[in-house]
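Taking it in order: structure first as structure tokens, then the write-up.
The values are calculated or read from the model by the stated rules, or taken from the named source; none is laboratory data. Note that the structure is predicted; figures quoted are calculated from it, not measured. Here the Cβ positions follow ideal geometry from the backbone for every residue, glycine too, while neighbour counts run over all protein chains shown.
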């Protein structure tokens, strides 16, 4: 089911009035210990779960840390594990699954998940490993007033449109660097490559193996797209991530941007910017490339998992409590905190970009055990090409070599 | 001749003074800038439009109605309960400093006065330990700490910080004790004092500049540490630095940078008092007096 | 003494040994199965780790596969094979060196060494100069000067460098001033490798100067006044008194500060992350960070190998100072 249908369905439920039901909290007097990243959507889910089931539990702790990803594998390895549940995203679920630290949820979903939607269930090889509750992706941000000044009335649909618009803005002398992207070396720049490579239809690995597969025409085309775009980005772009690009945007110093959907709300609110910028900012789907139809974006979800090394009763109570929070009531209270995959979500203007990107058929961030290693190699090696000190072919060869070295060490390649 | 010498001296003096003055400006400016900026909104202090906004507070006036705002402080201390983190830091830092200094003073003195070669090798080993990147150490600790169920609590972190700090403390105090003439305590021992009594009556009164300087650095290490505290403390035990890092946000989600700035300024304020208080001890030149007398 | 030593053994020596052992191993062959994954955005064909089968391999050999020193010589570290290949295939020394410094370890080593060898002497000389300068100030302003001098150390590096990072931005106060001074509106400290290196080193000096300053200042208080006075009576100039009395007296502290600075500078890490300087400057510690944190499932072997080589690097750098300290030590012990 697509997000569009889901959102429509959500809106329908709203019209009919949300149905509240008594939350089932599963086995009583259990210890529930949740670990997650610290952002509003996770605060809402874990907070509501605690409200619902805190009284029935013997202990209910919620730990929200920004470096969840760094500690979660160590925290779940001992038996009993430090936490009964970790809230993860696409890439972090594989990190836990690689070490076999989360349990299949099939029976728990059957028992407590009758109100969950099929598309919330993250299945790997037939087993439900996580239950998603929100979505995120990158997409296009546009200043329509600036585009109108140079005679462009349509929102750019493709990279080519973006370059035409950026060129026109520069030539009209309005902005020297009209474009912002999260190009900071490391994770961010690797992610930008992912966007364009997936949009060109690229595959990261040879099918069914951990052999890298990025030294090809599609990757070269993706690099060309990126190079063509950053031509119009600020010279400092290799040090800019979300905080910097958002600030640049809010200061009115950019007219085209590829940024995170979850930053849309912060851009559009009345803090840190002027009326001129916020009222003219349009959130649109990610651009397509080379006459293709796939938006250059990766789709992300956040969802709950249950630790393997905990007693079954604790696992059951934890699952029941967290699922009890995924209701229309919770969404109604926290509507603008996320792009919810749940009933009752009313997408506001800040959600428009992500919705359009999902409907456009963007690819999900790959859930492959060794994708983190590939992403890391991309993040470290692409910079030589972007600085102009190395050819695209050499850079891609370097990425593959770096990936192969670490994949061998991790045991994915011989 | 004399005249020439005087002229050269005054040029040297002017040079030295201007170097000091320049340094003081460079040292203080970013800090003053931060204090000033902590009363602005993010769009001003981290202005992409014009840095002068940080001085005039264009957006601060627009968003809050006045040129200064306490929103950062309110957000950090009331909304995010930063005082809890401050309390944790107070505990971690004071224990780390006291334990490090106690062991460091005794150990440093023993090493400085022991006539044995192994003292040198102990110091060497301590130094090599120190060369180990902290991040590798911490990653190694994680799993055993979880298995022994001592992850996330303050004592674990304090012990680790003391251990990491010890090579430095030992070496620094050892260096200071070497500087205190041996005759001082040896003459006391000739007078019938035991080694410990000599230490207590002769060394303790003159060791304060060294101990306080070392203490200052142990303090700063524990206070400013990020790599260890962020990995080893659970959320409710977090010290200020990981908490401040938490205010900064992540790639996908906006943080609140001004909370971090306000937190830094207000958490540094106690340091002012501390440094102002102890610096008199450093300045008073106790050792010099002792040597002279 | 004993408790500290045992804490040091337990928390530092043992981990170093285990890190070394780890660096000799790589992970087991992961048993990979082709599978299908489904989520909110549809289903895709993918692979996953057969954890049961992998677990079985792991329990047979808990440390992983023994790999000897191969991790040390692979592409991410000393890269012997790549260097030999480059030597044989490259037409001239220049392209050969280009290839070598394209390898992550050598790229990082180049920056780490430059940083260490530039920042350390600067911090010592300036620290000594300012300590002497402040010591000569009238008592009344001496206190506040010491206090101000300590400020760069008091501000948490995490936020201190964040603020400086913003100040040196093209739109920030320092960046904009530099553009004005050099009359070049496109001047960007963050987009050029040499400028980024200079900026990191300036930050390094700024941040560590208080350490050498306060150590030397405390040392100056212990300078034997009678020797100094005797020297002055004998007609020594201020400068001579400085070089023949004060500096020799401070020598143990100079060695101490040099040791500490060499060690800390060789592990330079925080400014690189805070200044987002990875594009232009990488250090050995940054490589370790990248292997442990950024790689998702951490590469302990790689990180261990780089850590061991960092320690060896520090020991090599310290050797001259250590030999000097050893002699000094023997002299004092006798």
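Scan segment C:155-179 for residues that are more than 9 Å from chain B (Cβ to nearest Cβ), over 21 Å from the mean Cα position of the chain (by Cα) and under 19 Å from residue C:272 (Cβ atoms) and jot them down.
C:168
Within segment B:185-207, restricting attention to residues that are part of a helix (DSSP H, G or I) and surrounded by 17 or more Cβ atoms within 10 Å (Cβ to Cβ), which residue is farthest from the chain's Cα centre (by Cα)? Step through it out loud before you land on a result.
To start, the set of residues in segment B:185-207 that are part of a helix (DSSP H, G or I) comprises B:185-190, B:195-206.
Retained after the next criterion (residues that are surrounded by 17 or more Cβ atoms within 10 Å (Cβ to Cβ)): B:185, B:188, B:198-199, B:202-203, B:206.
Details: B:185: 31, B:188: 35, B:198: 31, B:199: 27, B:202: 28, B:203: 25, B:206: 23 Å.
For segment B:185-207, the residue satisfying everything is B:188.
Criterion first (buried (at least 24 other Cβ atoms within 10 Å of the Cβ), assigned by TED's automatic domain parsing to the domain that holds residue A:40 and within 30 Å of residue A:217 (Cβ to Cβ)) does residue A:353 satisfy it? Please lay out each step first, then the result.
On the way: buried (at least 24 other Cβ atoms within 10 Å of the Cβ): yes; assigned by TED's automatic domain parsing to the domain that holds residue A:40: yes; within 30 Å of residue A:217 (Cβ to Cβ): yes.
Yes: the conditions hold for residue A:353.
How about segment B:52-61: which of its residues are part of a helix (DSSP H, G or I) and buried (at least 16 other Cβ atoms within 10 Å of the Cβ)? Spell out the reasoning first.
Within segment B:52-61, the subset part of a helix (DSSP H, G or I) is B:53-56, B:58-61.
Result: B:53, B:54, B:55, B:58, B:59, B:60, B:61.
If I filter segment C:194-217 down to residues being in contact (Cβ under 8 Å) with a residue 12 or more places away in the chain and over 18 Å from the mean Cα position of the chain (by Cα), which single residue comes out as surrounded by the fewest Cβ atoms within 10 Å (Cβ to Cβ)?
C:216
Could you list, in sequence order, all residues of segment A:314-338 that are outside any helix (DSSP H, G or I) and either touching a helix residue (DSSP H, G or I) at 6+ places or on another chain (Cβ under 6 Å) or without any contact (Cβ under 8 Å) to a residue 24 or more places away in the chain (or both)?
The answer is A:325, A:334, A:338.
Condition first: more than 22 Å from residue A:62 (Cβ to Cβ) and without any contact (Cβ under 8 Å) to a residue 40 or more places away in the chain. Now tell me which residues in segment A:80-108 satisfy that.
A:99, A:104, A:106, A:107, listed by residue number.
Which residue out of C:261, C:292 is assigned to a helix (DSSP H, G or I), at the interface with chain A (Cβ under 10 Å from one of its Cβ atoms) and modelled with pLDDT of 80 or more?
Exactly one residue qualifies, and that residue is C:292.
Which members of segment C:70-100 meet the condition of being surrounded by 14 or more Cβ atoms within 10 Å (Cβ to Cβ) and part of a loop (DSSP other than H, G, I, E, B)?
The answer is C:74, C:75, C:76, C:77, C:78, C:79, C:90.
List the number of the failed condition for residue A:305; all other conditions in (1) buried (at least 24 other Cβ atoms within 10 Å of the Cβ); (2) in a helix (DSSP H, G or I); (3) in contact (Cβ under 8 Å) with a residue 60 or more places away in the chain hold.
Of everything listed in (1) buried (at least 24 other Cβ atoms within 10 Å of the Cβ); (2) in a helix (DSSP H, G or I); (3) in contact (Cβ under 8 Å) with a residue 60 or more places away in the chain, residue A:305 misses just condition (2).
So which of B:235, B:186 ends up being within 14 Å of chain A (Cβ to nearest Cβ) and free of Cβ contacts under 8 Å to residues at least 40 places away in the same chain?
Sole residue among the options that is within 14 Å of chain A (Cβ to nearest Cβ) and free of Cβ contacts under 8 Å to residues at least 40 places away in the same chain: B:235.
Report the residue count in segment B:245-259 for those that are within 12 Å of chain A (Cβ to nearest Cβ) and touching a residue at least 24 places away in the same chain (Cβ under 8 Å).
Taking segment B:245-259 first, the residues within 12 Å of chain A (Cβ to nearest Cβ) are B:245-258.
With touching a residue at least 24 places away in the same chain (Cβ under 8 Å) added as a condition, the list becomes B:247, B:256-258.
Going through segment B:245-259 one residue at a time, the tally reaches 4.
Out of curiosity, is residue C:161 assigned to a loop (DSSP other than H, G, I, E, B) and crowded, with 17+ Cβ neighbours inside 10 Å? It would help to see each step written out before you state the result.
Values: assigned to a loop (DSSP other than H, G, I, E, B): no; crowded, with 17+ Cβ neighbours inside 10 Å: yes.
The answer is no for residue C:161.
Being within 14 Å of chain B (Cβ to nearest Cβ) and within 28 Å of residue C:307 (Cβ to Cβ) is the requirement here; does residue C:131 meet it?
no
Which of the residues spanning segment A:252-272 are out of contact with any strand residue (DSSP E or B) (no Cβ under 8 Å at 6 or more places or on another chain) and without any contact (Cβ under 8 Å) to a residue 24 or more places away in the chain?
Selection gives A:269, A:270, A:271.
If I go through segment A:113-137 residue by residue, how many of them are surrounded by 23 or more Cβ atoms within 10 Å (Cβ to Cβ) and either more than 14 Å from chain C (Cβ to nearest Cβ) or farther than 23 Å from residue A:278 by Cβ (or both)?
9
Looking for something in a loop (DSSP other than H, G, I, E, B), assigned by TED's automatic domain parsing to the domain that holds residue B:124, out of contact with any strand residue (DSSP E or B) (no Cβ under 8 Å at 6 or more places or on another chain) and modelled with pLDDT under 85 - is there at least one such residue anywhere in segment B:71-89?
yes
All but one of (1) free of Cβ contacts under 8 Å to residues at least 24 places away in the same chain; (2) facing chain A (nearest Cβ under 8 Å); (3) part of a helix (DSSP H, G or I) hold for residue C:301; state the number of the condition that does not hold.
Result: residue C:301 fails condition (1) only.
If I ask for residues that are crowded, with 19+ Cβ neighbours inside 10 Å and within 11 Å of chain A (Cβ to nearest Cβ), which ones from segment B:142-167 would you list?
Residues satisfying the conditions are B:142, B:145, B:146, B:151, B:152.
Check segment A:364-371 and report whether any residue there is touching a strand residue (DSSP E or B) at 6+ places or on another chain (Cβ under 8 Å) and closer than 28 Å to residue A:269 by Cβ. Don't jump to the end; show me each part of the working.
Start the filter on segment A:364-371 by keeping residues that are touching a strand residue (DSSP E or B) at 6+ places or on another chain (Cβ under 8 Å), which leaves A:364-370.
Going one step further and asking which of them are closer than 28 Å to residue A:269 by Cβ, we end up with A:365.
Looking through segment A:364-371, at least one residue is touching a strand residue (DSSP E or B) at 6+ places or on another chain (Cβ under 8 Å) and closer than 28 Å to residue A:269 by Cβ.
Please work out which residue is nearest to the chain's Cα centre (by Cα), limiting yourself to segment B:33-43 and to residues that are part of a helix (DSSP H, G or I) and at the interface with another protein chain (Cβ under 9 Å from one of its Cβ atoms). Walk me through how you get there before you give the answer.
Narrowing segment B:33-43 to residues part of a helix (DSSP H, G or I): B:33-37, B:42-43.
Now narrow it down to the ones that are at the interface with another protein chain (Cβ under 9 Å from one of its Cβ atoms): B:33-34, B:37, B:42-43.
On the way: B:33: 21, B:34: 19, B:37: 23, B:42: 28, B:43: 31 Å.
Filtering first and then ranking leaves B:34.
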